[in-house]
Amino acid sequence: MADHSPAFLALVDAARSRIREIPAEDLGDRLQAHANARLIDVREASEFAAGHVIGAQWLGKGIIERDIEVACPDPDTPIYLYCGGGYRSALAADNLTRMGYRAVHSVQGGWRALQALLPTEV
């Protein structure tokens, strides 16, 4: 894992103060509890293609704000976002919350944590 710059970490910390995060261990139960919940991978397309959680939809960090209303028109749908380690998903969750989505969560630990917890595919 690459070291993150102090300015990036400060940006992520500020976003985390405004969003909801869940432990990766809780994601499976949350998805089962809400049949309409959406699991969105916000990593780069190449990262998603190399492997992702089964059932996840790809909406990369660079396009999620542009495309979320088509992909998930109901702002009350539970949305769970993950990235490589929980940083980009926190930033995306912050933006979706600002856009009016009311049930957005960032998954702590992201893909690195989820690989050991949920079925994955390439």
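The values are calculated or read from the model by the stated rules, or taken from the named source; none is laboratory data. Since we're looking at a predicted model, the values are computed, not measured. Here the Cβ is made from the backbone with ideal geometry for all residues, glycine too, and neighbour counts use every protein chain on show. We work out accessible area using only protein heavy atoms, side chains counted, and drop any ligands, DNA or RNA first. Shrake-Rupley method; radii C 1.70, N 1.55, O 1.52, S 1.80 Å.
What to note about this one:
- Virtual spin-label span in nm between LEU11 and ASP74, 7 Å along Cα→Cβ: 3.3 nm
- The amide H of ILE79, built 1.01 Å from its N in the peptide plane, has ARG38, ALA103, VAL104, HIS105 as neighbours under 5 Å, considering only residues 5 or more places off or on other chains.
- Stretched out straight at 0.36 nm per residue, the stretch from GLN115 to ILE22 would grow longer than its current Cα-Cα span by 31.9 nm.
- For the chain, the convex hull drawn through the C-alpha positions has a volume of 100 cubic angstrom per residue.
- Dipole-positive endmost among HIS34, ALA7, ILE22 within the range 1-67 (Cβ charges, Cα centre): HIS34
- Of the solvent-accessible surface of the chain, computed with a 1.4 Å probe over protein heavy atoms with every protein chain present, carbon and sulfur atoms account for 53 percent.
- In this structure the chain gives 51 Å² per residue of accessible area when probed at 1.4 Å with all protein chains present.
- Among the trypsin sites (Lys or Arg not before Pro) in the range 14-51, those located in a DSSP loop and surrounded by at most 15 other Cβ atoms within 10 Å of their own Cβ are ARG18.
- Local electrostatic count, ALA50, Cβ distance below 12 Å [Lys/Arg +1, Asp/Glu -1]: -3
- Highest GNM mean-square fluctuation among HIS52, HIS105, HIS34, for the chain modelled with Cα contacts below 10 Å: HIS34.
- On full extension, the segment bounded by ALA50 and MET99 gains 14.7 nm, given 0.36 nm per residue less the C-alpha separation.
- Computed over the chain with a Gaussian network model linking Cα atoms closer than 10 Å, the most mobile of GLN57, GLN108, GLN32 is GLN32.
- Averaging Cα coordinates gives a centre for the range 2-72 and one for the range 78-111; these two points are 5 Å apart.
- Tensor-based shape of the range 44-101 (alpha-carbon gyration tensor, a/c under 1.5 rounded, otherwise prolate or oblate): prolate
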